[in-house]
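Comments concern the structure below.
What follows draws every value from the coordinates through simple rules; no lab data is involved. Values in this document were obtained by computation on a predicted structure and should not be read as measured data. Ideal geometry is used to build each Cβ from the backbone, glycine not excepted, and the neighbour counts take in all protein chains shown.
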Amino acid sequence: MPHELMGVSYATLKRLYEAAANYYDNHLYDPAKQAFHFLIDLNPYVPDFWLSLGKIYLVEGRNEKALKAFFMTQTLDPDNLEVYGHIIRCCIEAKASHEAEKFLHIAEKKAAHSGLRDKEKMEFFNDLLTFHEEIDELKKR
């Protein structure tokens, strides 16, 4: 792993992630963003680092940067359903209904074949239904 080449153990990487996540949970987005960039520098192959960075950019309203981080997450972990919701949200915010619809269909297919429990699956499909409605409204404009 790249972080090991720099003399950083997995345990240290995990502690750094927990600290970065704590910043995020406490709405300290600038230090969280710096911490996640540092973690990505240490190991760019961890999808949770990219996902967390994307969520910060989304909160900041920086959709283009958020999308880049979410696409990295999707590349590293294509079965992560959460990232599809964030990508769809960014597409809707950018008024890109065609792209939002494309990712909505991918998310539906992945969710149908996922290992989610029934309750989680229903919650996810409810979120997707909301996205469908938002996309339909976007198309009417």
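Taking Cβ atoms as reference points and 10 Å as the exclusive limit, the residues near residue 53 contribute a net charge of +3, counting Lys and Arg as +1 and Asp and Glu as -1. The label-point distance for residue 48 and residue 12, in a model that sets each label 7 Å from Cα toward Cβ, rounds to 1.9 nm. Its relative contact order, with pairs defined as Cα atoms under 8 Å and 6+ residues apart, puts the chain at 15 percent.
The protection proxy used here, the mean number of other Cβ atoms lying within 10 Å of each residue, ranks peptides 21-27, 68-74, 122-128, 48-54 as follows, highest first: 48-54, 68-74, 122-128, 21-27. Helices in the chain, meaning DSSP H runs of at least 4 residues, each add -39500 (n - 2.57). Divided by all residues, the mean residue ellipticity at 222 nm is -26000 deg cm²/dmol.
The alpha carbons of region 81-141 occupy a box of 36, 16, 14 Å along the principal axes, longest dimension given first. Rounded, prolate or oblate, given the Cα gyration tensor of region 1-77, with a/c below 1.5 counting as rounded? Oblate is the answer for region 1-77, as a/c is 1.5 or above yet b/c matches or exceeds a/b.
Exposure proxy shown here: for 114, 9, the number of other Cβ atoms within 10 Å sets the order, fewest to most, as 9, 114. Cross-link check: pairs 119/139; 33/139; 14/65; 65/139 evaluated at a Cα-Cα cut-off of 26 Å; pairs beyond the cut-off: 119/139; 33/139. Using the Cβ of residue 63 as centre and a radius below 11 Å, the other residues enclosed give a net charge of +2, where K and R count +1 and D and E count -1. Taking Cβ atoms as reference points and 14 Å as the exclusive limit, the residues near residue 132 contribute a net charge of -3, counting Lys and Arg as +1 and Asp and Glu as -1.
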